[in-house]
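First up is the structure itself, then whatever we jot down about it.
The values are calculated or read from the model by the stated rules, or taken from the named source; none is laboratory data. Computed from a predicted model, the values in this text were never measured in an experiment. Virtual Cβ from ideal backbone geometry, glycine too; neighbours counted across all protein chains shown. Remember, those area values only see protein heavy atoms, side chains included, never the ligands or the DNA or RNA. Shrake-Rupley method; radii C 1.70, N 1.55, O 1.52, S 1.80 Å.
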Amino acid sequence: MTASRHISLLVTSGSGPAECQQAVASVLDVMRNEAELLAVDFDTNGARSKHGYKSAVVLVSGADAEAFAKNWRGTIQWRAQSNLRPMHKRANWFIGVFDLPASVRTPERIQASDVTFDTFRAGGPGGQHQNTTDSAVRATHRRTGLSAVAREERSQHRNKALALERLQHLMAAQAAANEAAQKVSRNELHHALERGNPVRCFKGRDFREVKGG
């Protein structure tokens, strides 16, 4: 059985303007692509706004989940002229990626009977770790709409169990994010962006990464 762990992250625009919400949406796209390259399972949940996401919960699972998360934790900088306010002089936007603390309350236990399971063929990067049968599983919690994917095991039954487990972790992460959002007025977590020390920097409307900041 594949060694696996789960890491919950909050990708947040903090108290930033709509441009920061655009940056969150772009960061989620880059994260998803990098997760595929590392064969890390990537699940996310967030309410999309007109311009992007104010914040989103990310759950990464798999043996390389920690290596993936380590590359993202901290402040992310996006250098771009605003397409929402063309005359605006500001061209630097900051968002944050934080570990989500455990929720103070235990979320409801998800029952398999409350979940829709869809199977599909695992594909993409991963070499020998990817299987070629229709054994990958997407589990969707019907009431909340949360969904999680498992594809690394050759057994559809095992992937179903993993997807259900990840769905439970994603629900717990969402509960923790909701609690974190309530702390905004106390200048916690969402306001912890360190604007002078980004861990990664992207530039332009095509969101190209700038190595070395």
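Overview of values
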read-out: Cβ-Cβ FRET estimate between Lys89 and Asn178, R0 fixed at 35 Å, reported to 0.05; value: 0.50
read-out: Descending Cα extents along the principal axes, region 42-117, whole Å; value: 53, 29, 27
read-out: Net length gained if the chain between Arg143 and Glu34 were fully extended (0.36 nm per residue, minus Cα distance); value: 36.3 nm
read-out: Sites Asp118 and Arg48, calculated FRET efficiency, Cβ-Cβ separation with R0 22 Å, nearest 0.05; value: 0.50
read-out: Cα-based reach from Lys203 at 17 Å (exclusive), listing aspartates and glutamates while leaving out same-chain residues under 8 positions away; value: Glu19, Asp29
read-out: Computed lengthening from Arg5 to Glu108, 0.36 nm per intervening residue step minus Cα-Cα distance; value: 35.0 nm
read-out: Carbon + sulfur, % of accessible area of region 1-111 - ligands and nucleic acids excluded, 1.4 Å; value: 50
